[in-house]
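To start, the structure under review is shown below, and the notes come after it.
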Amino acid sequence: MPHHIPTSGRVVAAGAAGVLALGVLAAGSPAVARPAPQHHGQHQSQHQQSHKPAYKNPRLPVSVRVRDLLSRMTLAEKIGQMTQAERADVTADPTLVAQWNLGSVLSGGGSVPTPNTPTAFADMVDGFQAQALKTRLGIPLLYGIDAVHGDGNIYGSTVFPHDIGLGATRDPKLVEKVEHVTAIETRASGPNWAFAPCICVARDDRWGRTYESFGESPKLVERMETAIDGFQGKSVKDLSHPDHVLATAKHFAGDGLTTYDASKAGTGAYPIDQGVDQVSKAQFAQLALAPYVPAIKKHHVQSVMPSFSSVDFTNDGLGNPVKMSANKALITGWLKNQQRFKGLVISDWQAIRQLPGTYSDQVATGVNAGIDMFMEPYSGSATGAPQFEATLTSLVNDGTVSMARINDAVSRILRVKFELGLFEHPYTNRSLANTIGDKAHHEVARQAAAESQVLLTNKSRTLPLKPGRHPVYVAGSNADNIGNQAGGWTLTWQGGSTNVIPGTTILDGIEAEAKAPVTYSVDASTPVPAGADGIVVVGETPYAEGYGDVGGPQWAFDPGDNNVPRPAKTMMLSDADTQAIKTVCAAARSCTVVVISGRPMIIPPDLLGQIDSLVAGWLPGSEGIGVADDLFGHHRFTGKLPVSWPRTVAQEPINVGDANYNPLFRFGYGLRD
Ligand code: GLC
C-alpha cells in the first residue's frame, strides 16, 4: 500500500508595498540578510482597531489574541484546527477546507500540482488559504511539506545534500545557511511549514532513513540544530518574515535507535524502520531525548513530530513496547511539562492508526497523549479528516477527551499561526520567488556538496588530480545521474534514477574542471586511454523510509520506474559497479572511487586494495560539481565521517563508543588532501 500519494538576494526594507528582495549571499552570513520587520497588518486608526475583535488586532500580545479567538470558537471549529488533510483530499473540491474547518493541509512526498512549479504551487496553497479565510472566524491555514534537503518536491527548487552529508561538513553556519535558503524557497512557493530537520541519531546504517540523520552522535546532531535557526530565524519574531517557515523537530523520539528484526527481511515489512527501541532509560535519554533539549531551549523549534517507532525500556521489566504516538509520559510529561515546549505536536502520517484498539481508541490515545494536530490523509466522506473530526467530537461529548486538552491543542496551533503572521499575511509572499533555484542558492548547494565530501584513502596523494595533466576516464552508475545523487524526497517521495532536476551531475563537474579529454563509460566497457586518471562513481539508487531498509520492501510505483521493482537494499556495491572499479583500477594510471549513497557501503578488502583514493560523497543533491571541486583541488577535502564506516554489514549496528569498536573507518575520520 503506497504510503504517500505518488503521484528560491539581500532583503532590504519592508515598505508598505511589500518587500524588495535581492538574494545576496556572503560567506559566514545568513543566506539572506534579515529583512526589516514587516508591519503586521495595514495601518489603521485606533478607532478602527478598537472595533475589530481582539484576535484580529496585531498590536495585541499573541497570548491575548489566542485567548480571545479560542473563546469565540465552537467545538467543531476547534477540532477542525486539530485536523490536517492531504493536498489530494481537497484538490478536486477546495471548499472542503472550509467545510471541514481544516487547521492545515500538507503535501505528502511527491504530492504536487500540475504543472509542478513554484508559481503553480503557491497558487494552489493560496487557493486553499482563500477557503480557510471564508470560514466564520477566518482562521488561516498552515501548509506543511517535507523540505528535508531543500524543497525537493517542487521542480526548480535548489536541492541540497541530505542531512548525512551536512553532518559530514561539521559546519553549523553552513547548515544554517542551507536551511535559510530552503526556508526562502519553501515559503515563496506557498508552504509555511517544513517537516524538518530530522534530529534523529542514526545508530544502525541498515535503516532506510540513515541519510535523514546528521549522524550517529547526539552531540553532532545537536551542533547541526542551527538548521532550526535557518528555517525559523533566531527568534520566534522572525517567523512572520517571508524568509522563514515553521520548523519541525522529528521524529520524537528514538526513531534512529530501533532494533533490526531479521525475521522481517524480505517479507515486505520494514525490518528496522518504525521498529522498537530496546534500550535502557539512560540510553534513551542520552541518544533520543538529548537532542530535543537544545532544539527547544536554544533554537525554539515550534513543532515536534512523534515517531512511528516504539520504545521498550528493557530495564523496566514490563517488556511492552509503547508507540511514541501513544506515549503520554514522553509527549506531555517530558516534552511539554518538563521541557516546557510551547509549540505544537503534529502526528506522523496516519501514525495513530498503528495504535491498539478501534479508531476511536486510537484517536483518544493520540489526543490524550498530547498530540495537538493529526496528519490524517486519504480523506473520503467517511475516512481521513472527516472521520477524525467525527470521532474526536464523540470522544469530547462522552468525556473521554477533556475540553482542557482540546483547548491546549488549539491554543498551541493558534499561537504558531499568529507568530507566523498568517492572520495579517495569509497569502504567499512572492517577493523572494525570483530567488528560487537562482545562481546564488545553487552556489550554497555547491559549497555544501564540496564540504560534505570525506576523503577516506589517498595513496601516493592521488588527490587532488592536477587539471590538464592527464586525460580523465569516468565510469560508474552514479557519475551522471542527478536523480541518484539527489536521493529520496526529490520530486517524488522515493526519489528516482530518472528524476531530473536543475543542476549538475558529478560528470558535468569533472568535464568542467578536468581541463583535459574526459572519456565516460558507465560500465567501463570503453577502453581506458593510456595514462588516464580514472574516477569511478558508484553507490545507491534512491529510496525513502522503510523502502530503504536493508532487506526492506522494494518500491515500484514511481513514474519512470515503469513498475520495475527497484534493487533490494543491501549496503553492498552492485556487481556492475564492482566490475567497473576493477576494470578502471587495473588500467588507469590512478584510480579514485566516489561512493554516492545515503549510508556507508561495504568495500571488501580485495577491492579496497585496488583503489588509490576512496571518497564518501553521500547524496550531494543538485550540484554534483561540488564533488568535482574536491577531486580537482578547487576545494580542499575537509569532511569528517558522521557515522562509523563498517567492514561488513554484520558489524551493524556499529557506533563510536562501542566495546571492541573496529570499523573500517571510524566516526569522525577524514583525510585532508
Ligand atoms: C512520512 C514521514 C515523515 C513525514 C511525513 C509527511 O511518513 O515519516 O517524516 O514528514 O510522513 O510526509
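One residue is enough: does the range 210-221 have a residue meeting the conditions more than 16 Å from the ligand (Cβ to nearest atom), in contact with a Ser or Thr (Cβ under 7 Å, 6 or more places away or on another chain) and part of a loop (DSSP other than H, G, I, E, B)? Yes, some residue in the range 210-221 is more than 16 Å from the ligand (Cβ to nearest atom), in contact with a Ser or Thr (Cβ under 7 Å, 6 or more places away or on another chain) and part of a loop (DSSP other than H, G, I, E, B). Within the range 97-112, the only residue that satisfies the criterion of being among the aliphatic types (A, V, I, L, M) and near the ligand (Cβ under 9 Å from one of its atoms) is 106.
Of the residues screened, residue 151 is one that is within 12 Å of the chain's Cα centre (by Cα) and more than 28 Å from residue 663 (Cβ to Cβ). If the condition is being touching a Pro at 6+ places or on another chain (Cβ under 8 Å) and more than 16 Å from the ligand (Cβ to nearest atom), then the range 222-239 contributes 222, 223, 224, 225, 226, 230, 237. Considering 304, 293, 345, the condition of being more than 18 Å from residue 221 (Cβ to Cβ) and not in a loop (DSSP other than H, G, I, E, B) is satisfied by 345 alone. Evaluate the following for residue 138: is it modelled with pLDDT of 95 or more, in the same structural domain as residue 219 (by TED's automatic domain parsing) and more than 16 Å from the ligand (Cβ to nearest atom)? Yes, satisfied.
This table checks each residue for (1) among the β-branched types (Val, Ile, Thr); (2) at pLDDT below 95; (3) assigned to a loop (DSSP other than H, G, I, E, B).
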{"position": "527", "(1), (2), (3)": "no, no, yes"}
{"position": "534", "(1), (2), (3)": "no, no, no"}
{"position": "542", "(1), (2), (3)": "no, no, yes"}
{"position": "563", "(1), (2), (3)": "no, yes, yes"}
{"position": "570", "(1), (2), (3)": "yes, no, yes"}
{"position": "576", "(1), (2), (3)": "no, no, no"}
{"position": "593", "(1), (2), (3)": "yes, no, no"}
{"position": "599", "(1), (2), (3)": "no, no, yes"}
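Taken as a whole, the structure places residue 164 among residues that are within 16 Å of the ligand (Cβ to nearest atom), in the same structural domain as residue 87 (by TED's automatic domain parsing), part of a helix (DSSP H, G or I) and not hydroxyl-bearing (Ser, Thr, Tyr). Applying a threshold of 8 Å to beta carbon distances and a minimum spacing of six or more residues, or different chains, the list of pairs starting in the range 220-234 at a residue that is under 18 Å from residue 288 (Cα atoms) and assigned by TED's automatic domain parsing to the domain that holds residue 419 and ending at one that is assigned to a loop (DSSP other than H, G, I, E, B) and of a type in the set (Lys, Arg) reads 220/170; 223/170; 225/298.
The values are calculated or read from the model by the stated rules, or taken from the named source; none is laboratory data. All figures in this text were calculated on a predicted structure; none of them were measured in a lab. FYI the Cβ positions are ideal-geometry reconstructions off the backbone, even for glycines, and counts take in every protein chain you see.
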